[in-house]
Amino acid sequence: MHLATYNIRGRMSFGVVSGDGVVDLRPRLAPRLTSVLDVLRAGALDEVKKITAGVRADFSLAEVELLPPVMGGEKILCIGVNYANRDAELTAAGGNTEAKYPSMFFKPPNTLVAHNQPILRPPESEQLEYEGEIALVIGKTGRRIPKDRALEHVAGITMCNEGTIRDWIRHGRFNVTQGKAWDSTGSIGPWMTTDVDLTRPLHITCKINGEVTQDDTTDHMIFGFVDILSYVSTFMTLKPGDIIATGTPSKLNQKADERKWLKPGDMFEMHVPEIGTLKNTVQDEKTLAI
């Protein structure tokens, strides 16, 4: 089941995407439930499945303006350097394969635009970089979650282009926040997909202007989904609507010191068969003098 948030005919709503159509949920569930986040907090995914089964779409997918699939969650967490082939790029910096715990950082929600919305390159840097990742959407509150129960807390998955301004990563001596927090430099979507078997490898493919630039599977992650969920929940409570981006594979035919940056006019595409395709074009950010 694909759950989406969108604007339609001048109003914000949410619904189930099926083929080329959308079953609108707001008129069926309001005022009790008025968003995807409400559905997650209420534990109402099974209810949504029942009321949409066999229902004819209310409008075509082409009519809606998609928004980030889950809006209003408490936090977006990101796991850094979590694929073995990426770790090889960073051997000089100590690598990560032998690390006992994942590297992590927060990402503000305003950094991620929706499917088909433009990614913005700021005037302060040309080093805009894409990072295609599987993102977990939490559906059940949990703290100190044991590994054998970890996947019970995942409502679904989505795709995340965890955009980075690379030369701002080391502005501070010991953090990456400055390079990860730029408005509209990444993307998420196009929807949240439930009922995915997370014990099996998921295949990630990213393209820039039609050329495959990332191609890998989640079985090459250093820390798997279960490891991440159990570790993170040790020190913070995971809540419905929280998002965890789980790391990006290595770029094909690119060395760490020979990166290719996104530029205006480029088309980013990320595909995961169980979810679909996330697409965004790149534009220069238009700034106003103050």
Helix 225-235: inclination vs the chain longest Cα principal axis, degrees, rounded to 10, gives 90
Taking every pair of distinct Cα atoms and averaging 1/r, then inverting, what Kirkwood hydrodynamic radius in Å comes out for region 196-290? 16.1
If you average the sequence gap of Cα pairs under 8 Å that are 6 or more apart and divide by the length of region 1-54, what percent do you get for the contact order? 26
Under the rule of at least 5 residues apart or a separate chain, name every residue whose amide H is placed under 5 Å from the amide H of residue 81. 248
What Kirkwood hydrodynamic radius do you get for region 12-151 when you take the inverse of the mean 1/r over all pairs of distinct Cα atoms, in Å? 18.6
Given contacts defined as C-alpha pairs under 8 Å and at least six residues apart, what's the relative contact order of region 148-290, whole-number percent? 25
Per residue, accessible area of region 30-167 with a 1.4 Å probe, heavy atoms of protein chains only, in Å², comes to 46
Total formal charge among the other residues, if their Cβ is under 13 angstrom from that of residue 34, Lys/Arg +1 and Asp/Glu -1: +3
At 222 nm, what value in deg cm²/dmol follows for the chain if DSSP H runs of at least 4 each add -39500 (n - 2.57) and the sum is divided by all its residues, to the nearest 500? -3000 deg cm²/dmol
Relative to the compact globular guide of 2.2 N^0.38 Å, what is the alpha carbon radius of gyration of the chain, as a ratio? 0.98
GNM, the chain, Cα, under 10 Å: largest mean-square fluctuation among 134, 243, 208? 208
May I have the pair-distance distribution P(r) for region 1-82, computed from all Cα-Cα distances with 5 Å bins from 0 and rounded to whole percent? 3, 14, 27, 24, 16, 8, 5, 3, 1
Out of the total accessible area of the chain (probe 1.4 Å, heavy atoms of protein only), what percent is carbon and sulfur? 50
Which of rounded, prolate, oblate describes region 243-283, given a ≥ b ≥ c as roots of the alpha-carbon gyration tensor eigenvalues and a/c under 1.5 marking rounded, otherwise prolate only if a/b is larger than b/c? oblate
Three-way shape label, region 138-215, alpha-carbon gyration tensor, a/c 1.5: oblate
Return the percentage of antiparallel bridges among DSSP beta bridges fully within the chain, rounded to the nearest 5 %. 90
Find the relative contact order for the chain and round it to a whole percent, using C-alpha pairs within less than 8 Å whose residues are 6+ positions apart. 24
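The values are calculated or read from the model by the stated rules, or taken from the named source; none is laboratory data. This is a predicted model, so every value here is computed, not measured. A quick note on method: Cβ atoms are made from the backbone with ideal geometry, for glycine too, and the neighbour counts reach across all protein chains shown. Accessible surface areas use protein heavy atoms only, side chains included; no ligands, DNA or RNA. Shrake-Rupley method; radii C 1.70, N 1.55, O 1.52, S 1.80 Å.
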